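K.L.:
Could you have a look at this structure, given as structure tokens, before my questions?
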Amino acid sequence: MEDVAIVGAGQSVFARSCGESIRELCFEAYKEALEGLDITGNDIDASVVCSAPEYDKQRSPSGLISEYLELTPKPTFYVETVCSSSSTGLRVAWSLIKAGLHKTVAVIGFQKMSELSSRDAAERMGRGGDIIWESPFGITMPAGYAMYARAHMARYGTTEEHLAKVRVKNSHYGVANPKANYRKELSLEDILNSEMITSPLKKFDCCANADGSSCIILAGGDVAKSITKKPIWVVGLGAATDTMSMAGRKSLTGLQCAQEAAKQAYEMAGVKPQDIDVAEVHDCFTVSELLAYEDLGFAKPGEGAGLLEDKETYVEGKIPVNVDGGLLSKGHPIGATGGSQIRTIVRQLRGEATEAQVKDAEIGLVHNIGGVGQYGNVTILRR
Ligand SMILES: CC(C)(COP(=O)(O)OP(=O)(O)OC[C@H]1O[C@@H](n2cnc3c(N)ncnc32)[C@H](O)[C@@H]1OP(=O)(O)O)[C@@H](O)C(=O)NCCC(=O)NCCS
């Protein structure tokens, strides 16, 4: 079976409100993904469209986007695992190529969240959890992650300052990212003094809703080499699902879906956590990045905060994480997020991340979570 590579990667600017229709928004990412490739849209023989439903009126968006990007009559599919939809889309595209059904597949993720108020979006996202036993009682996304934060604090002595230091780092790198929504450096005090959302998470511990799109183009081995001089190989894939209800979780100090997905991806790639040169992790909240350090094996359980204290997750550190500003700076247009994380790692491995390039990066990892730890996806890429 031939190997599969990423040949093109693009994203739109992530913004609070894009002022465009979803089809125009998707075109922005698609256009960037095709830049510099020896192909046109005619060579793409399938597409996988990824988003969470119910944020805009359009139903069955894959047909609409396929038409606008002139991909008809090639088949298109719709994939959803809430915030990790486009990483799941990448897994589907990889499988289609491996199965020999298609040669070149575009994974298009998008979300236009500005049609809803923050309050309505929170209610909608909460319904991504158990709608009988949990979301009606207030388990929104921030509330769910706040429970993880409290459990981590109780067990390991993690503090609000530790959480805030995640945003200090990510806001620092967000300044240089032209595609990010928030490009202002924040101090520890700014974060600790921001409005309380759900204790212990304050406003700047949270990512913000956004409009945005991403596009990743994959192709099988020989085709990939004929399309680009810099193919980035998909060498490890992991995916797992945890209980929908938080009450069913074995532990609240780590995400089991991430731990399981990481194990699968490392095994498939034949690498260990210490082999990873650069990572993008799902920092929907500051605590989520700390949990990721531990779930991915970058730190032992309870020792994630130490990586930040020692600046090991900065560009010059042992394992640079979210040096594009992360979701905390970029914004989190849920269906587009995984593709944006993958684009960042592709640029790092190609040596094109001029804003914050990790020297000689060869192996990169993407950790993308759906819901409050319901769906875990880990992808390992190699130059
Ligand atoms: C944190 C949160 C509750 C704040 O919502 P809110 O209080 O209704 O705030 P609004 O959306 O009305 O925005 C008010 C202002 O705060 C800013 N803001 C909102 N969230 C922000 C954030 N996370 N970081 C920085 N600024 C933020 C907005 O840009 C806006 O600024 P402006 O007045 O200069 O335009 C909301 O952003 C949220 O729910 N985030 C989490 C999203 C989520 O759960 N995603 C899925 C995760 S898996």
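The values are calculated or read from the model by the stated rules, or taken from the named source; none is laboratory data. Bear in mind that the values here come from a model prediction, so they are computed numbers and not experimental data. Positions of Cβ are generated from backbone atoms using ideal geometry, with glycine treated the same way; all protein chains shown enter the neighbour counts.
K.L.:
From the list 51, 62, which one is crowded, with 17+ Cβ neighbours inside 10 Å, in contact (Cβ under 8 Å) with a residue 24 or more places away in the chain, under 20 Å from residue 84 (Cα atoms) and of a type outside the set (Phe, Trp, Tyr)? Give the steps one after another, and end with the answer.
P.N.:
Values: 62 fails: in contact (Cβ under 8 Å) with a residue 24 or more places away in the chain.
Every option except 51 fails the conditions.
K.L.:
Given the structure, is residue 304 crowded, with 24+ Cβ neighbours inside 10 Å, of a type in the set (Gly, Ala, Ser) and in contact with a strand residue (DSSP E or B) (Cβ under 7 Å, 6 or more places away or on another chain)? If you could, list the steps in order and put the result at the bottom.
P.N.:
Numbers: crowded, with 24+ Cβ neighbours inside 10 Å: yes; of a type in the set (Gly, Ala, Ser): yes; in contact with a strand residue (DSSP E or B) (Cβ under 7 Å, 6 or more places away or on another chain): no.
Here the answer is no, as residue 304 does not meet what is asked.
K.L.:
Name the residue, out of 17, 12, 66, 21, that is at pLDDT 95 or above, closer than 27 Å to residue 282 by Cβ and not aromatic (Phe, Trp, Tyr).
P.N.:
Being at pLDDT 95 or above, closer than 27 Å to residue 282 by Cβ and not aromatic (Phe, Trp, Tyr) holds for just one of 17, 12, 66, 21, which is 12.
K.L.:
Next question, about the same structure. If residue 223 satisfies every condition in (1) part of a helix (DSSP H, G or I); (2) closer than 30 Å to residue 62 by Cα; (3) within 15 Å of the ligand (Cβ to nearest atom); (4) touching a Lys or Arg at 6+ places or on another chain (Cβ under 8 Å) but one, which is the exception?
P.N.:
Every listed condition holds for residue 223 apart from (3).
K.L.:
Do we find that residue 306 is assigned to a helix (DSSP H, G or I) and over 17 Å from the mean Cα position of the chain (by Cα) in this structure?
P.N.:
Yes, satisfied.
Results for (1) within 25 Å of residue 122 (Cα to Cα); (2) within 16 Å of the ligand (Cβ to nearest atom), shown as yes or no for each residue.
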| position | (1), (2) |
| --- | --- |
| 227 | no, no |
| 230 | no, no |
| 249 | yes, yes |
| 253 | yes, no |
| 267 | no, no |
| 285 | yes, yes |
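K.L.:
Still on this model: Within the stretch 119-142, take every residue that is under 20 Å from the mean Cα position of the chain (by Cα) and not in a loop (DSSP other than H, G, I, E, B) and give me the one that is nearest to the ligand (Cβ to nearest atom).
P.N.:
141
K.L.:
Among (1) away from the ligand (no atom under 16 Å from the Cβ); (2) basic (Lys, Arg); (3) closer than 30 Å to residue 122 by Cα, there is one condition residue 359 misses while meeting the rest; what is its number?
P.N.:
Residue 359 satisfies every listed condition except (3).
K.L.:
Let me ask something else. For residues in the stretch 236-255 being of a type outside the set (D, E, K, R) and in a loop (DSSP other than H, G, I, E, B), which is surrounded by the most Cβ atoms within 10 Å (Cβ to Cβ)?
P.N.:
255
K.L.:
Can you name the residue in the stretch 185-201 that is without any contact (Cβ under 8 Å) to a residue 24 or more places away in the chain and outside any helix (DSSP H, G or I) and, of all such residues, is nearest to residue 24 (Cα to Cα)?
P.N.:
Within the stretch 185-201, the match that is nearest to residue 24 (Cα to Cα) is 185.
K.L.:
Follow-up question, since we're still on this one. Mind listing whichever residues of the stretch 25-41 are in a helix (DSSP H, G or I) and either surrounded by 15 or more Cβ atoms within 10 Å (Cβ to Cβ) or touching an Asp or Glu at 6+ places or on another chain (Cβ under 7 Å) (or both)?
P.N.:
Matches in the stretch 25-41: 25, 26, 27, 28, 29, 30, 32, 33, 34, 41.
K.L.:
Among the residues of the stretch 105-118, write down those that are surrounded by fewer than 17 Cβ atoms within 10 Å (Cβ to Cβ) and more than 10 Å from the ligand (Cβ to nearest atom).
P.N.:
115
K.L.:
Let me confirm something: among 173, 156, 182, 148, which residue is among the hydroxyl-bearing types (Ser, Thr, Tyr), near the ligand (Cβ under 9 Å from one of its atoms), in contact (Cβ under 8 Å) with a residue 60 or more places away in the chain and outside the structural domain of residue 31 (by TED's automatic domain parsing)?
P.N.:
The match here is 182.
K.L.:
In the set 149, 164, 143, which member is touching a Ser or Thr at 6+ places or on another chain (Cβ under 8 Å), under 18 Å from residue 243 (Cα atoms), small (Gly, Ala, Ser) and buried (at least 18 other Cβ atoms within 10 Å of the Cβ)? First the steps, then the outcome.
P.N.:
Values: 149 fails: under 18 Å from residue 243 (Cα atoms); 164 fails: under 18 Å from residue 243 (Cα atoms).
The match here is 143.
K.L.:
For residue 353, which of the numbered conditions (1) crowded, with 21+ Cβ neighbours inside 10 Å; (2) in contact (Cβ under 8 Å) with a residue 60 or more places away in the chain; (3) in a loop (DSSP other than H, G, I, E, B) fails to hold?
P.N.:
(2)
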